[in-house]
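What follows is a set of notes on a single structure, which appears directly below.
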């Protein structure tokens, strides 16, 4: 009988599975076929299988690909444009005027290619992105090989107009990407302070009709909560709950100023919060009540936000800062231990985006989205606890290979579908264009 030939075999290394038992496997190999994990088996059985391609993972950690639960990819060209400002000034006086002058389909496509390349270098295999011209974001990510959930940022009246326009956009997105395995869609109202009650209700209806997630900003700064109380007589979560918002699967970015009752309501609704620690720190928005969220079993994930407020897409660094910051804030070195923290980048991130059935862990049947992280270096040795190293010691510069849906999108630190030199040169050209337009 002819032996079946699989697409890939990854052999050796240490597998950080993030499965329900949190198994760590040594002396194993991974079978990959049709873009999915077939099995992870002991090396003693390797002779019973063959593949078209083999990858030696000796001295590597093999982890699930990292999941970014909140991003704005096309803001890649705004890195460093407006630093050291409060959120409301940063948005109204700098970012929104810049977007008004620069936003166009080609700009969004080019900036998204740049951002996708940076995400892949940092081990991100899925990002949940909110912006404009989202078809161009999806196309750029498809070229890069990056998995993406796109949501058209809904701000009225600038980008929405009337509800019929909104409905047509939703249907067009659904039709265009329903057969693309790398692209999913969601409903993405920007925030309660940029969308009316009528628009937010329309978003809940659209989410239900299309079985899509809702992705929005929530309680990012204190004034947002105060304004909601002033104008609606309720805190933000209660306001949204009254509109039927929480009947959808929701992922909320930031959640800095949520109180105890709001956290309880979100946990009961099976909603999720994307932690964007670096952005919150840089804009001085405050500290997310992570300890209470964990105690209430609220689903948490990690997000980078956009590089205009971060200012990078290094989600491992983001996780390390988050874990250490909340230990210090709570005077509790045991809070958010390394394994639990790493789950926020992997299986908990998948759960937040409603993808735990096929992403977030290394298990048979799931998509082969994974990273090979080199440990044969000074900062990784000696290695006693891989979770500790991933959260406290390693950096994204140690990520050697990245695979998405069985496709190597980075191999030996070289991007496989994008020309990095061309991306850098194009970014330099856009810098000159941005400066010229903003000075005119």
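The values are calculated or read from the model by the stated rules, or taken from the named source; none is laboratory data. Only a predicted model underlies this, so the values are computations on that prediction, with no experimental measurement involved. Reconstructed Cβ throughout: ideal geometry from the backbone, glycine too, with neighbour counts over all protein chains shown.
Answer yes or no: is there a residue in the stretch 409-430 that is modelled with pLDDT under 95 and part of a loop (DSSP other than H, G, I, E, B). No: the stretch 409-430 contains no residue that is modelled with pLDDT under 95 and part of a loop (DSSP other than H, G, I, E, B).
Screening the candidates 46, 25, 41 for the property of being under 27 Å from residue 380 (Cβ atoms) and more than 31 Å from the chain's Cα centre (by Cα) yields one hit, 46. Does residue 330 satisfy being closer than 28 Å to residue 116 by Cβ, at pLDDT 95 or above and either surrounded by 16 or more Cβ atoms within 10 Å (Cβ to Cβ) or touching a helix residue (DSSP H, G or I) at 6+ places or on another chain (Cβ under 9 Å) (or both)? Considered against the rule, which asks whether it is closer than 28 Å to residue 116 by Cβ, at pLDDT 95 or above and either surrounded by 16 or more Cβ atoms within 10 Å (Cβ to Cβ) or touching a helix residue (DSSP H, G or I) at 6+ places or on another chain (Cβ under 9 Å) (or both), residue 330 comes out as no.
Taken together, 335, 344 contain a single residue that is in a helix (DSSP H, G or I), in contact (Cβ under 8 Å) with a residue 40 or more places away in the chain and in contact with a helix residue (DSSP H, G or I) (Cβ under 9 Å, 6 or more places away or on another chain), which is 344.
Remark: residue 45 falls outside the filter, which requires a residue to be more than 27 Å from residue 169 (Cα to Cα), in contact with a helix residue (DSSP H, G or I) (Cβ under 9 Å, 6 or more places away or on another chain) and part of a helix (DSSP H, G or I). Of 135, 84, all but one fail to be over 25 Å from residue 283 (Cα atoms) and surrounded by fewer than 21 Cβ atoms within 10 Å (Cβ to Cβ); the exception is 135. Residues considered: 91, 98, 61, 85. Of these, the only one that is without any contact (Cβ under 8 Å) to a residue 40 or more places away in the chain and either in the same structural domain as residue 194 (by TED's automatic domain parsing) or at negative phi (or both) is 91. Can we say residue 301 is at pLDDT 95 or above, surrounded by fewer than 22 Cβ atoms within 10 Å (Cβ to Cβ) and in contact with a helix residue (DSSP H, G or I) (Cβ under 9 Å, 6 or more places away or on another chain)? No, not satisfied. If I filter the stretch 181-204 down to residues being touching a helix residue (DSSP H, G or I) at 6+ places or on another chain (Cβ under 9 Å) and loosely packed, with under 15 Cβ neighbours inside 10 Å, which single residue comes out as farthest from residue 238 (Cα to Cα)? Among them, the one singled out is 198. Listed conditions (1) crowded, with 19+ Cβ neighbours inside 10 Å; (2) over 30 Å from residue 367 (Cα atoms); (3) touching a helix residue (DSSP H, G or I) at 6+ places or on another chain (Cβ under 7 Å) are all met by residue 120, apart from (2).
Selection of the stretch 224-258 for residues being surrounded by 15 or more Cβ atoms within 10 Å (Cβ to Cβ), at negative phi and in a loop (DSSP other than H, G, I, E, B) yields 235, 243, 248, 249, 256, 257, 258.
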